[in-house]
1. Reported to two decimal places, what Rg/Rh ratio describes the range 139-291 when computed on Cα atoms with Rh from the Kirkwood expression?
2. Based on the alpha carbon coordinates of the range 291-409, what radius of gyration and maximum Cα-Cα distance (Dmax) apply, in Å?
3. Using alpha carbons only, how many degrees (0 to 90, rounded to 10) separate the axis of helix 602-620 from the longest principal axis of the chain?
4. Between residue 56 and residue 203, what length comes free when the chain is fully extended (0.36 nm per residue of separation minus the Cα-Cα distance, one decimal in nm)?
5. Any chance you could give the angle, 0 to 90 degrees and rounded to 10, that helix 411-450 forms with the longest Cα principal axis of the chain?
6. Report for the chain the percent antiparallel among DSSP-assigned beta bridges with both residues inside it, nearest 5.
7. Under 19 Å from the 7 Å Cα→Cβ point of residue 704, by amide nitrogen: which residues of the range 609-634?
8. Could you tell me the calculated FRET efficiency between residue 395 and residue 696, based on Cβ-Cβ distance and R0 = 60 angstrom, to the nearest 0.05?
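Nothing in this text is a laboratory measurement; each read-out follows from the coordinates by a stated rule. Just so we're clear, the structure is a prediction, and the values are computed from it rather than from any experiment. With ideal geometry, Cβ positions are generated from the backbone for all residues, glycine too; neighbour counts draw on all protein chains shown.
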């Protein structure tokens, strides 16, 4: 049987058609793979280079930011210590001047002893065997039993020191009331007669008997500070023996017997007139809370914090969250022992506090809920000081540290890298899709045209070789109009399409490369703007926070109200809070205000400052009518809010106290009153006023209510940040828990009640986020 002409076009492995498809298709595939692969490699290389450059820039900027931040924090801490040292130097200089002029000291002491406003006589306590002055004296002076003679009276040399040191009543309270917030300042006599004189006045004799049994039978210096006095005597003989060339000695933290607080003491010895022995010591006490203010104000990223540690690893100051992150805690009830060396994390315990590594950025892995998280640590040493801790005086160099999660500080870098990675992957996908489409088109064209091949093999073979050599300009001319001519036309069309796709692919790579470069430049610009804006906003918030804290009542104002104890606590949820409280005093008249601005943050904090300023101005003008006081204050605030186009307002109540009477006015949270016998009253203020700033005239809504206030009664004012604080399960602290916390402590001082409420609240909140400002004011009738 003869074969049909069409049978010669069958697609067999040995057919010309198969060979043509394999040769031409393979050449096109090779070309597309090479050109496409080079394009993909260039895109990926550009992405890697861009990511690396951005990473280097952000890493350098972050390092400079951390160095500047820790340098500033260390300088602030050094300034606080320098200020305390200066105040102790003032005490020492005043005392030394009297010692160097004994005639003047004697006359001053005699004059002050004769003035009952500055000095009260000593009274003997037969049950405890010591002499002490009365509570009317600006300072408490105690002469211990082992200093008395056989008749239980003061020997002449002891009586002389008591008399000469009475001048402390003049300059001691002044130093105590100004400068840093000191717990107390004092003078201690020499080892031969270590009388104790401290201000403000406390019943120190009874307190020491209760807290330190046996102290009244042993010399003060040997009992409390062994070897310390002898070290000072060695300084006189050999000035070079001082570990640090200054006279002030800092005591390691310990629990104060009078207040029960953890404190740090600063001692400076004064010398005898001939400079051959120690004539006594002046000193000042600071609580650890005061030293912690600086490091607790540090906020880096979302959860970064700072800490202050001694060279032995004992952490003096850190935030509660930072304490948990470092895995440390104070396990001793009497000795302050919160050491990094006892941390649950080995990386924290191994931090090199005793090495010269200032400003070195370290990365350590810490365990967080079973996972290892990298934290960045930067350390900075403070100026060295003389330190005593149950032994000889040594040189102590404390360290400030900053700790921040690595993923937070490099969040911008991670976001930039992720953005570049996504853009690169998108370009790669586009390139692969283009190559795949081109291959499909080429193979479809070759397969479709190959079956028309019947003649002109030489011309087509030559053209195919040129095409294989990447000469895409080749064209085959076959003048015939049969199948061979059609193949020639198809071949020419195929060459044109290959050239078209190759040129378009190169142009597409150039366009995508240009787009990626522009995107990288835009990312760098945005990152720089974001960093500048963060620095600006941080500075503005810091200024607003400092202004807000400056106008709050000082501790001296709260303690200077006759017949009434006042204690207050305020903790903003953000850098700037929206809660308000103030204590305004005009002679025997006392006005205590508390309020809550809607929301919190900078705008709420500004409104709080407006309220404080207007209230102070009204009180200074002699406005004593509670109803008119609130109405005029509202009018001023309403006009200010109207001018600033703000939608803020606040709840606000005032307590007016005069001659043992309390008058409540204004709308705010319920007022809690705990009577001396333990009975509890809850006073609703909803009918006593109207929110401040909502209406121009609120006088129809303002009313007053008189509250009985007798000895031992306690009044508690609070904002909703207390009652609406959430615990670990999302439940609110609530007013009932607040009332119970006050009731359990109603017999204590206002400060103890306030501290107890805050402790109960913080224990309840635990690790939960604080969503609102917390403000608490406790008023107790003595």
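1. 0.95
2. Expressed in Å, the Cα Rg and Dmax of the range 291-409 come to 14.1, 45.
3. For 602-620 against the chain, the angle is about 20 degrees.
4. Working: separation 147, 0.36 × 147 = 52.92 nm, distance 6.27 nm.
Value of the extension gain: 46.6 nm.
5. 10 degrees
6. Working: 107 of 110 bridges.
Roughly 95 percent of the beta bridges in the chain run antiparallel, per DSSP.
7. Backbone N within reach: 615-634.
8. Values: r = 66 Å, r/R0 = 1.10.
Computed FRET efficiency for residue 395 and residue 696 comes out at 0.35.
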